Amino acid sequence: MKRSVKRWMTPSFLLDTFQVLVFTAVGIVLALDVTGIWGISWLSANLNTMTLIAVCILIVSTFLERRVKLEGIERRLDGRLDKIQYGQTAITQLIQENQSPGIKLQDGQDFPPLETRLAQAKEVQLLGFSLVGIIIQYGGFFLKKA
């Protein structure tokens, strides 16, 4: 099916078309009644009721149209979110596969001084919540290594 024909068959487009038809029909009937061109006695007697019914139909169809459009947006976003999560999983696996064991510093244990442990290091990576103390204490050492 051609793309333009597919667009015409979407619920959103059909609801838009329905809204336009209802609005046009109500507008024509009201214009004919107000001008006196079409003097139907039952229409004049029930004009308020008919107008209220038409407005309610337009409100319901507008809500339906918005819901259909929002569901379409939600489906597209869910698809993109799935792609992002898949990519994130792949990146996490790559990081885990290529991760070097490194050195973990633990509180309260006796370790040789940091300068001794990192003397032969060609690359230093530090990870922690706050590394201010390490940077202050070993800043000169890191500058020399750099």
- Message: Sorting check: for 53-66, 79-92, which peptide has the highest mean count of neighbouring beta carbons within 10 Å, and how do the rest follow?
- Response: 53-66, 79-92
- Item | Full-extension gain in nm, GLU71 to VAL34, via 0.36 nm per residue minus C-alpha separation | 9.2 nm
- Task: Starting with the highest mean, order 9-19, 133-143 by the number of other Cβ atoms within 10 Å, averaged over the residues of each peptide.
- Result: 9-19, 133-143
- Message: Looking at segment 3-97, I'd like the Rg to Rh ratio, where Rg is from alpha-carbon atoms and Rh is Kirkwood's inverse mean 1/r.
- Response: 1.38
- State the answer as a single residue: which of ALA54, LEU70, THR35 lies farthest towards the positive end of the charge dipole of segment 3-97, with beta carbon charges of +1 for Lys and Arg and -1 for Asp and Glu, about the Cα centre. LEU70
- Can you give the extra length, in nm with one decimal, that the chain gains between LYS83 and VAL22 once fully stretched, where that is 0.36 nm per residue apart less the Cα-Cα distance? 17.8 nm
- Query: What percent do you get for the relative contact order of segment 3-97 when only Cα pairs under 8 Å and 6+ apart count?
  - Reply: 36
- Message: Kirkwood Rh and Cα-based Rg: tell me the resulting Rg over Rh for segment 42-98, rounded to two decimals.
- Response: 1.59
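Throughout, read-outs are computed from the coordinates displayed, never taken from laboratory work. Quantities reported herein were computed from a predicted structural model and do not represent experimental measurements. With ideal geometry, Cβ positions are generated from the backbone for all residues, glycine too; neighbour counts draw on all protein chains shown.
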